[in-house]
Structures are given as C-alpha cells and as structure tokens.
Amino acid sequence: MSPRYRVTLTEQERNELEALTKKGKTHARRFIHARALLLCDAGEFGSPWSVADTAEALGVSSRTIEHLKKRFVEEGLEAALERKPRENPPREVRLDGEFEASAYRRTWLTIVPIRCAVSTLKSDKTYTLRFINSNFC
C-alpha cells in the first residue's frame with residue numbers, strides 16, 4: 001500500500017529542520033515533529049522511514065505521524081511544526097453575586113461538625129455529659 005501523504009522536503013527545509021533539532025532550546029513538540037518530518041522525507045536528500053518505524057523511534061503513535069504528514073502536505077512546514085489553533089476558544093467564566101453566595105454557603109455547610117459538650121443537672125445532683133454534633137455551638 002502506497003503512503004497516503006508523501007513528505008518531500010527541499011534542501012532549504014531540510015537544513016532548517018536539522019538546525020532546529022540541533023539547536024539547544026526548542027519545544028519538545030516542535031523537536032519531535034521536526035525529527036519525524038526528517039525521517040519521513042522521501043525527497044532526493046533523504047531516505048524515508050515507514051510510519052510505524054518513525055512512530056516507534058520517536059515514542060509517538062503512528063496516527064500522530066499520519067496527521068503530521070497530512071498537515072505538512074496540505075498546509076506547509078510552519079503549520080506542521082506548530083500546534084493547531086483551537087477552533088472554539090474557551091468560554092469566559094463569569095462570577096456573579098449569586099454564584100459567590102452559593103459557594104460561600106456550600107463552604108460553610110461542609111465544615112466538619114464540632115462536638116459540643118452539653119451538661120444537664122439531674123434531680124439527684126449528678127451531672128450527665130452528652131455530646132451533640134453541630135456546626136455552631
């Protein structure tokens with residue numbers, strides 16, 4: 001079965017990726033994606049590895065390599081190296097007075113009950129000591 005997406009790097013792209021992998025500081029994701037593209041290069045400057053071998057060597061899934069190759073072919077080198085932007089940005093969290101009041105109530109209701117000692121005087125002048133569970137004594 002022929003590969004679905006064929007990665008062919010130009011000499012300039014290959015040099016850029018090699019420099020990126022040899023540079024001291026780079027993000028792990030960029031580094032792994034750069035190495036994967038170098039290993040999958042089927043152009044005149046590289047000898048391509050299989051998707052399974054590349055995935056095993058880099059410690060990622062073969063699906064990750066397939067997605068990376070697809071993004072490189074369809075969107076280019078920078079898109080393949082960078083993270084895909086979120087389609088739906090996160091919702092803004094709004095805190096109103098009602099939410100704060102309910103959170104405050106829940107906090108006070110979950111406090112561990114305090115044991116309070118209550119003493120009672122019986123008719124024969126003996127005291128009985130009993131404990132009650134309450135949040136407020």
Any residue at all in the range 48-71 that is more than 24 Å from the chain's Cα centre (by Cα), closer than 22 Å to ARG83 by Cβ and of a type in the set (Asp, Glu)?
no
Which listed residue is more than 23 Å from GLU13 (Cα to Cα), of a type in the set (Gly, Ala, Ser) and either part of a strand (DSSP E or B) or at pLDDT 80 or above (or both), from SER102, SER119
SER119
Would you mention how many residues in the range 59-99 are at pLDDT below 90 and either aromatic (Phe, Trp, Tyr) or over 29 Å from THR10 (Cα atoms) (or both)?
14
Per the filter on the range 11-26, residues closer than 14 Å to GLU78 by Cβ and loosely packed, with under 13 Cβ neighbours inside 10 Å are GLN12
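Taking the condition of being within 19 Å of PHE31 (Cβ to Cβ) and outside any loop (DSSP other than H, G, I, E, B), how many residues in the range 50-62 meet it? Can you show your working first?
So in the range 50-62, the residues within 19 Å of PHE31 (Cβ to Cβ) come out as 51, 53-62.
Narrowing the set further to residues that are outside any loop (DSSP other than H, G, I, E, B) leaves 51, 53-58, 62.
So the count comes out to 8.
Suppose we filter GLU87, GLU78, GLU92 for residues that are closer than 30 Å to GLU16 by Cα and part of a loop (DSSP other than H, G, I, E, B); which single one remains? Don't jump to the end; show me each part of the working.
Numbers: GLU78 fails: part of a loop (DSSP other than H, G, I, E, B); GLU92 fails: closer than 30 Å to GLU16 by Cα.
Going through GLU87, GLU78, GLU92 in turn, just one is closer than 30 Å to GLU16 by Cα and part of a loop (DSSP other than H, G, I, E, B): GLU87.
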Is at least one residue of the range 45-56 surrounded by 14 or more Cβ atoms within 10 Å (Cβ to Cβ), among the aromatic types (Phe, Trp, Tyr) and touching a Cys at 6+ places or on another chain (Cβ under 8 Å)?
yes
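The values are calculated or read from the model by the stated rules, or taken from the named source; none is laboratory data. The structure presented is a predicted model; accordingly, all values stated were derived computationally and were not measured. Don't worry about glycine lacking a Cβ; one is built from the backbone with ideal geometry, like all the others, and counts go over all protein chains shown.
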